[in-house]
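Some notes on the structure that comes next.
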Amino acid sequence: MEEDPDIEILKAKKMQEMMQRMLKKKKESIEKGIRKHEPSEREILLSYLYDRGDEVLNLAEYQFPTETKAITNKIVELINIGEINRKISGGELLSLFRSLGLNVKINTTIKIEEHGKYVSFAEKLKQNKENDDK
């Protein structure tokens with residue numbers, strides 16, 4: 001039992017329309033996905049930081065959240081208009097925060113290489129004191 005050729009043509013047209021709608025929906029969902037993930041201001045700034053800059057930013061956000069947000073917004077604004085066009089080191093970022101009155105506290109340790117391994121400066125002083133006492 002063969003179907004009418006006109007029915008076959010209508011089925012083919014319907015199938016083609018359905019495929020076009022599916023492709024259009026897929027294309028729109030891909031575009032939405034791309035548009036949805038515009039980088040945040042923090043992500044933009046992080047892409048410009050190097051040499052422990054992310055660590056300085058995290059500490060500043062923890063210690064001074066409101067002020068850091070305002071400073072971050074301004075830095076990203078300067079990046080977007082092209083005033084800042086090079087990477088920012090952790091030291092430069094820390095210096096900026098401190099020059100603006102935010103004394104961001106950074107945990108630092110001094111290590112000394114001794115016999116192929118690193119020893120903290122405090123331990124080295126302790127060892128020297130013990131040796132002097134003998």
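The values are calculated or read from the model by the stated rules, or taken from the named source; none is laboratory data. Just so it is clear, the model here is predicted, and its values are computed rather than measured. Cβ atoms come from the backbone with ideal geometry, glycine included; neighbour counts cover every protein chain shown.
Just a few scattered comments:
- Of the residues in segment 118-128, at least one is of a type in the set (A, V, I, L, M) and either in a helix (DSSP H, G or I) or under 19 Å from the mean Cα position of the chain (by Cα) (or both).
- Filtered residues of segment 79-109 (kept if exposed (fewer than 12 other Cβ atoms within 10 Å of the Cβ) and closer than 12 Å to Glu41 by Cα): Asn80
- Residue within segment 13-36 that is under 17 Å from the mean Cα position of the chain (by Cα) and without any contact (Cβ under 8 Å) to a residue 12 or more places away in the chain present: yes
- Within segment 1-109, helices (runs of 4 or more DSSP H) holding 1 or more residues that are under 30 Å from Val119 (Cα atoms), at pLDDT 85 or above and small (Gly, Ala, Ser): 53-63, 90-99
- Filter result for Lys25 (assigned by TED's automatic domain parsing to the domain that holds Lys126 and either surrounded by 10 or more Cβ atoms within 10 Å (Cβ to Cβ) or closer than 30 Å to Lys124 by Cβ (or both)): no
- Residue in segment 56-67 that is under 22 Å from Leu100 (Cβ atoms) and either hydroxyl-bearing (Ser, Thr, Tyr) or in contact with a strand residue (DSSP E or B) (Cβ under 6 Å, 6 or more places away or on another chain) (or both) present: yes
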